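Colleague: I have a structure here, written as structure tokens, and I will follow up with some questions on it.
The values are calculated or read from the model by the stated rules, or taken from the named source; none is laboratory data. Please read these numbers as outputs of a predicted model, since none were measured by experiment. Cβ sites come from the backbone with ideal geometry, for glycine too, and all protein chains shown count toward neighbours. Protein only, heavy atoms only, side chains kept; ligands, DNA and RNA dropped before computing areas. Shrake-Rupley method; radii C 1.70, N 1.55, O 1.52, S 1.80 Å.
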Amino acid sequence: MATRLTIGELAARSGAATSALRFYEAKGLLSSERTSGGHRMYERSMLRRVAFVRAAQRVGRGTPLEHSAG
């Protein structure tokens with residue numbers, strides 16, 4: 001099993017849109033490394049982080065975005 005996922009793979013596994021993942025990353029909630037071609041590669045641990053952000057949105061606590069320093 002791969003230890004790093006493309007944005008498409010992370011989106012498919014997490015159920016989040018790729019645009020949402022880019023937004024979460026811009027707000028500092030996710031992190032990725034870039035390949036030499038500029039493609040985002042995410043650690044598998046980001047799956048849990050995406051699940052946490054989405055769960056926070058569902059329970060009505062807003063998102064950690066509202067509390068980020070960005």
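Colleague: Which value does Rg/Rh take for the stretch 1-65 over its C-alpha atoms, Rh per Kirkwood?
Modeller: Value, to two decimals: 0.97.
Colleague: Within the stretch 1-25, find all residues whose amide N lies under 19 Å from a label point positioned 7 Å from the Cα of residue 48 along Cα-to-beta-carbon.
Modeller: Only 1-6, 10-11, 13-16, 25 pass the distance filter.
Colleague: Return one whole number: the accessible area per residue of the stretch 1-45 in Å², for a 1.4 Å probe. Can you show the working numbers first?
Modeller: Numbers: 2720 Å² over 45 residues.
Using a 1.4 Å probe on heavy atoms only, each residue of the stretch 1-45 averages 61 Å².
Colleague: I've got another one for you. In a shell of Cβ-Cβ distance under 14 Å around residue 25, excluding residue 25 itself, what net charge do Lys and Arg (+1) and Asp and Glu (-1) give?
Modeller: Every neighbour counted, the sum reads +3.
Colleague: Rank these residues by their accessible area, most exposed first, probe 1.4 Å: 29, 21.
Modeller: In descending accessible area the options line up as 29, 21.
Colleague: Still on this model: Sticking with the crude label model, points 7 Å out along Cα→Cβ, report the distance from residue 33 to residue 18 in nm, one decimal please.
Modeller: The two pseudo-label positions are separated by 2.1 nm.
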